[in-house]
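Heads up, the thing below is written out as structure tokens.
What follows draws every value from the coordinates through simple rules; no lab data is involved. As the structure is a computational prediction, the values presented were derived from the model and not from experiment. Virtual Cβ from ideal backbone geometry, glycine too; neighbours counted across all protein chains shown.
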Amino acid sequence: MPLLTRYLPEEADTLAFGSALAFCLKPGLVIYLIGELGAGKTTLARGILRGLGHTGKVKSPSFALVEPYTFSRLYLYHFDFYRFMKPRELEEAGFREYFRPDSVCLVEWPENAAGLLPAADIRITMTVQGSGRQLEIDADTEVGRRCLKQLIR
Ligand SMILES: Nc1ncnc2c1ncn2[C@@H]1O[C@H](COP(=O)(O)OP(=O)(O)O)[C@@H](O)[C@H]1O
Ligand SMILES: [Mg+2]
């Protein structure tokens, strides 16, 4: 059973949930965003970024691999491994250097970099359900669980 499930009827709910999650983020967290194309992963990332105070556009990092953001509280790196990269390409992009104790990493399509990525603290799975989205969240570490507890409270 996932630690937390939520039905998000429309896009605004995904953004609002992301904003709520933003307030519980701690430096060092690795968050996997799992789901098919169109499941709402980038929308959730956009909600998180807005919650942290980002007012500009949120680009889908598919081709750039990673979009970096800096906030007063933390560094946030938004990855998208949709475009499968060979392990060597990933290493050459220096992607490991982004996973630090002072950064939060949001990762779309972590499946495509399995075995190379640090393990997730939190896994968020999104699925299309009717006209909305079903969200399931799991925490795999103590920091992850603490973050979610704060969110539920
Ligand atoms: N809760 C929701 N209900 C309905 N549509 C949503 C919801 N959340 C996001 N969407 C829509 O889903 C579409 C795809 O979203 P996107 O975040 O790009 O998906 P992904 O990154 O998983 O491919 C967008 O048009 C977005 O508006
Ligand atoms: Mg996306």
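Which loop-located trypsin sites (Lys or Arg not before Pro) does segment 1-96 contain, where loop means any DSSP state but H, G, I, E or B and the Cβ has at most 10 other Cβ atoms within 10 Å? Sites meeting the loop and neighbour criteria: Lys57. Relative to the longest principal axis of the Cα atoms of the chain, the long axis of helix 142-152 makes an angle of roughly 30 degrees. Result for the chain in a Gaussian network model with C-alpha springs under 10 Å: among Leu106, Leu116, Leu52, the largest mean-square fluctuation is at Leu116.
Considering only beta bridges that DSSP places wholly inside segment 4-152, some 55 percent are antiparallel. Segment 56-107 and segment 16-47 have Cα centres separated by 13 Å. Annotation: lysines with alpha-carbon distance below 16 angstrom to Lys26 (same-chain offsets under eight excluded): Lys149. Panel values: segment 83-153, Kirkwood radius from alpha carbon pairs, Stokes-Einstein at 37 °C and 0.692 mPa s, translational diffusion coefficient 231 µm²/s.
Each 5 Å bin from zero holds the following percent of Cα-Cα pairs in the chain: 2, 10, 20, 25, 22, 15, 6, 1, 0. If I fit a long axis through the Cα atoms of helix 11-22 and take the longest principal axis of the Cα atoms of the chain, what angle between them do I get, 0 to 90°, rounded to 10? For helix 11-22, the angle is close to 70 degrees.
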